[in-house]
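Please treat every number below as a calculation from the coordinates, not as lab data. Since the structure is predicted, the reported quantities are computational estimates derived from the model, not experimental observations. We place every Cβ from the backbone using ideal geometry, glycine too, and count neighbours over all the protein chains shown.
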2 protein chains.
Amino acid sequence: MTDPIRLGIAGLGTVGAGVVKIVQRHGSLLERRCGRPVEITAVSARSREKDRGVSIKPYAWEDDPVALARRDDVDVLVELMGGEDGPAKNATEAAIANGKHVVTANKAMLAHHGQALAEAAEDAGVNLRFEAAVAGGIPVIKALTEGLAGNAITRVMGVMNGTCNYILTRMDDAGLTYEEAFAEADGLGYLEADPELDVGGIDAGHKLSLLASIAFGTRVAFDDMTLEGIGRISIDDIRRAGDLGYKIKLLGVAQMTGRGLEQRMTPCLVPSASPLGQLLGGTNMVVIEGDAVEQIVLRGPGAGEGPTASAVMGDICDIARGIRLPVFGQPAQTLRPAPPANAESPACFYLRLALVDKPGALAKVATVLGENGISIDRMRQYDHPGADAPVLIVTHRTARPNLDTALAALPGTGVVTGAPVALRIEDV
Amino acid sequence: MTDPIRLGIAGLGTVGAGVVKIVQRHGSLLERRCGRPVEITAVSARSREKDRGVSIKPYAWEDDPVALARRDDVDVLVELMGGEDGPAKNATEAAIANGKHVVTANKAMLAHHGQALAEAAEDAGVNLRFEAAVAGGIPVIKALTEGLAGNAITRVMGVMNGTCNYILTRMDDAGLTYEEAFAEADGLGYLEADPELDVGGIDAGHKLSLLASIAFGTRVAFDDMTLEGIGRISIDDIRRAGDLGYKIKLLGVAQMTGRGLEQRMTPCLVPSASPLGQLLGGTNMVVIEGDAVEQIVLRGPGAGEGPTASAVMGDICDIARGIRLPVFGQPAQTLRPAPPANAESPACFYLRLALVDKPGALAKVATVLGENGISIDRMRQYDHPGADAPVLIVTHRTARPNLDTALAALPGTGVVTGAPVALRIEDV
């Protein structure tokens with residue numbers, strides 16, 4: 001196996017240019033590590049002339065990524081265009097149909113079409129790898145699929161959208177409103193063209209659905225995920241949670257329970273002193289828990305040219321070295337459809353309410369909670385210049401349906417003004 | 001490749017028993033993930049009758065691990081006996097000579113004989129894997145060798161001896177002396193039979209030497225490492241460092257510099273707020289820096305039955321899946337002998353001195369430092385009930401030889417009593 005491995009790169013944005021740079025810079029290093037040269041033979045992108053800080057002149061050009069994927073002198077399609085359908089999917093399918101391996105950073109495509117693509121790749125005897133699709137430079141797919149293969153995985157958690165974590169961090173440390181922090185992130189170019197992919201939790205949800213598939217041997221089930229973005233997090237909640245010793249994170253959690261597969265990507269409170277609580281800015285973190293390994297925490301840059309290209313190159317090197325693995329860690333045909341959990345697992349909750357300033361108001365709230373089997377761990381009332389009294393409640397462990405029933409009943413007490421905020425406190 | 005992969009396990013201590021339990025517990029999971037059954041055919045240990053919490057009756061017994069390694073019905077020798085020479089090395093060599101793969105947790109053997117064993121394994125076309133030898137359950141060998149293969153690695157750092165970190169943590173949080181914390185760790189069974197392997201930094205140094213080889217494409221060079229244990233760390237230094245915003249850790253650092261390969265396993269100060277500074281108790285952490293990925297931090301349990309067995313199983317699953325890799329990430333014949341750096345890279349240093357309580361004493365110390373090109377960033381003098389005044393100094397970035405010259409000159413001032421303490425402050 002000393003023939004070069006020949007790459008066709010489709011998509012020359014930030015990550016694609018980063019891959020070209022690494023291949024150009026580290027030719028001899030890659031050859032030593034892979035046992036064969038790593039070469040780029042052809043590329044495809046929207047513009048041939050754009051300045052990318054790296055020359056693509058040595059490579060054949062294709063206007064059409066599908067034509068690139070079919071070239072005889074390409075062994076691996078490196079798909080870095082993005083988008084769940086369209087050119088990315090067409091090129092990926094063409095590569096597989098023509099017996100070529102695929103390395104992609106495309107979480108949306110895999111979250112929606114992972115099962116079909118994995119079956120096609122395995123039928124064709126080619127690799128479909130996607131380390132760069134999840135948590136940027138952190139080799140988390142490899143850790144989960146290979147390093148921890150001896151474990152029954154019990155839970156996977158992660159902060160996997162750097163833009164959301166940047167916004168929450170800036171609200172916390174600079175006292176910005178959500179709108180101000182969002183505008184700042186936008187100005188820095190951190191947001192996707194459709195910002196809802198970031199702040200709505202969709203991008204991070206895509207990533208979590210891929211981790212869940214590997215962890216639990218189940219088919220990717222993005223549509224079953226409980227998704228909630230960070231748009232309703234206020235600076236008030238960040239401050240109050242901080243007073244109680246917590247940070248608010250857009251946290252993904254996947255776990256297999258007696259009630260089915262639980263997948264959530266929602267704002268949660270985590271202890272300020274925990275590794276997740278201490279995560280600042282654009283950094284990502286994934287926590288993997290297994291029956292043998294206990295808990296592993298992986299932390300690193302979640303985006304950017306170098307880190308994402310590093311993940312792409314890891315997959316390319318694996319393929320060059322002859323490593324062949326099922327796409328989701330076991331044959332796609334053996335992945336089970338997982339019944340979605342009918343309710344999230346019990347937890348403590350953070351509640352923020354505004355009460356009318358009348359004697360007995362708090363008692364009415366406590367009664368509603370008690371009637372729904374919710375006991376109170378801590379309660380704190382804040383000074384209030386206005387008519388309404390802000391009250392914080394941390395509950396003991398509670399089933400979510402009980403909480404929802406109580407929340408629905410609170411307006412009927414006549415003492416709660418505005419909509420209560422309820423956030424899960426995750427055990428981390 | 002649907003024939004079972006057949007394991008011969010040599011050594012049934014904590015980790016060996018853990019591997020047996022995983023194979024027994026996860027038969028169908030392992031088969032699904034590996035594409036073939038994982039079976040134990042034979043075992044070898046000091047005592048056949050010892051209660052290990054798991055039955056070894058189904059397996060053939062060998063008194064001699066070398067005989068185990070040679071058995072026709074063994075595909076993989078799982079070497080969990082330990083010891084740099086003797087039975088572990090003999091059995092490993094016998095397995096390789098008989099065309100069997102080897103999975104080992106034996107850092108001492110690889111630190112001393114890694115090059116010869118790697119060459120033998122690669123000549124024989126078998127795998128020699130050692131994920132469990134470094135940082136327990138953390139899949140760090142895999143991350144470095146495979147996941148980050150597209151990077152020129154610039155630095156690897158780690159806290160990789162849980163016992164030392166436990167002792168330092170207890171001195172810090174419970175105010176124990178070194179001797180008290182050592183005795184506590186001993187009572188909990190945390191110490192090796194020869195405690196110097198732990199507290200002298202040797203065990204952690206073995207691990208660092210293996211990471212350095214993979215990271216920099218160099219032959220394992222444990223003998224060139226700067227090694228210093230935690231025995232001279234006092235509760236005073238832990239308190240004073242804490243006042244200045246630092247924690248003291250037994251920190252391994254490997255980096256390739258213009259002056260050669262720098263490998264240090266020494267007590268260092270790291271910022272209290274950094275991931276390394278926040279690491280408590282027996283947990284391990286490895287930080288990997290590469291030219292593309294920037295910085296990855298991996299954290300997890302550094303020892304124990306489950307975590308270490310998890311790492312062993314990861315290697316076994318790789319071999320069962322047909323993954324074949326050079327032992328240190330590139331062919332052993334291509335590993336370069338690395339010239340050891342003639343001095344460690346410049347850093348800021350923490351100095352603790354006791355001065356006689358006389359006017360001008362501090363000026364004399366400052367003069368000696370200044371004469372050696374060492375400028376002072378911060379200085380703090382503490383209240384002192386006795387005759388000597390404790391003084392803390394944090395230097396600006398300084399070349400180590402200058403510091404050593406200054407330290408040697410301090411007694412000549414006549415104002416310094418006792419031996420000064422100097423600890424490196426690592427940039428993390």
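Below, the figures for the structure above:
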| item | result |
| --- | --- |
| Segment A:ASP64-A:ALA152, extension gain: residue separation times 0.36 nm, minus the distance between their alpha carbons | 27.4 nm |
| Alpha carbon Rg of the stretch B:140-301, scaled by the compact-globule rule 2.2 N^0.38 Å | 1.03 |
| Exam field: B:GLU180 pseudo-label spacings to other copies (7 Å along Cα-Cβ), nanometres | 4.8 |
| Computed label-point distance, nm, for sites B:ALA408 and A:ASN98 using a 7 Å Cα→Cβ extension | 6.8 |
| Euclidean distance of C-alpha centroids, the stretch A:162-211 and the stretch B:380-395, integer Å | 48 |
| Sparse-neighbour loop sites [GluC sites (Glu not before Pro); the stretch B:283-336; at most 12 other C-beta within 10 Å; DSSP] | none |
| In the stretch A:88-193, the trypsin sites (Lys or Arg not before Pro) that fall in loop regions by DSSP, at most 11 other Cβ within 10 Å | none |
| A:SER272 versus A:ALA124: modelled label distance in nm, points set 7 Å from Cα along the beta carbon direction | 5.3 |
| Rounded to 10°, Cα long-axis angle of helix B:202-216 versus longest principal axis of chain B | 80 |
| Antiparallel bridges, percent of DSSP beta bridges restricted to the protein assembly as shown (to nearest 5) | 70 |
| Convex hull volume per residue in cubic angstrom - Cα atoms of the stretch B:96-210 | 133 |
| Cα convex hull volume per residue for chain A (Å³) | 141 |
| Per-selection Kirkwood Rh - the stretch A:5-133 (Cα, Å, 1 d.p.) | 14.6 |
| Copies compared at B:GLY322 - label distances in nm, ascending, label defined 7 Å from Cα in the Cβ direction | 1.0 |
| Average other protein chain Cβ within 10 Å of Cβ, residues A:274-286 | 1 |
| Global form of the protein assembly as shown, assessed from the alpha-carbon gyration tensor, a/c cut-off 1.5 | rounded |
| Candidates A:ALA152, A:ALA174, A:ALA105, ranked by Gaussian network fluctuation over chain A, Cα under 10 Å, top entry | A:ALA174 |
| Relative contact order of the stretch A:278-420, pairs being alpha-carbon contacts under 8 Å that are 6 or more residues apart, as % | 22 |
| Set of aspartates and glutamates near A:LYS358 by C-alpha distance (under 19 Å), chain-local residues within fewer than 8 positions excluded | A:ASP383, A:ASP388 |
| Listed peptides A:8-21, A:320-333, A:40-53 by packing density, highest first (mean Cβ within 10 Å) | A:8-21, A:320-333, A:40-53 |
| Using alpha-carbon coordinates, inclination of helix A:361-371 to the longest axis of chain A, degrees | 60 |
| Test item: A:304-311 mean partner chain Cβ contacts at 10 Å | 5 |
| Pairs from A:LYS50/B:LYS142; A:LYS57/B:LYS142; A:LYS89/A:LYS142; A:LYS100/A:LYS142; A:LYS249/B:LYS142 whose Cα-Cα separation, in the structure shown, is over 26 Å | A:LYS50/B:LYS142; A:LYS57/B:LYS142; A:LYS249/B:LYS142 |
| Between helix A:305-320 and chain A: long-axis angle, C-alpha atoms, 0 to 90°, nearest 10 | 50 |
| Contact order normalised by residue count of chain B, Cα under 8 Å, 6+ apart, percent | 16 |
| Relative contact order computed over the stretch A:348-425 (Cα-Cα under 8 Å; 6+ residues apart), in percent | 50 |
| Listed residues A:ASP318, A:ASP72, A:ASP237, most fluctuating in chain A (Gaussian network, C-alpha, under 10 Å) | A:ASP72 |
| Which of B:TYR178, A:TYR246 has the fewest Cβ neighbours within 10 Å, and the rest in rising order | B:TYR178, A:TYR246 |
| DSSP bridge pairs, the stretch A:348-425: antiparallel proportion in percent, nearest 5 | 100 |
| Inter-centroid distance (Cα atoms) of the stretch A:262-286 relative to the stretch A:1-68, Å | 35 |
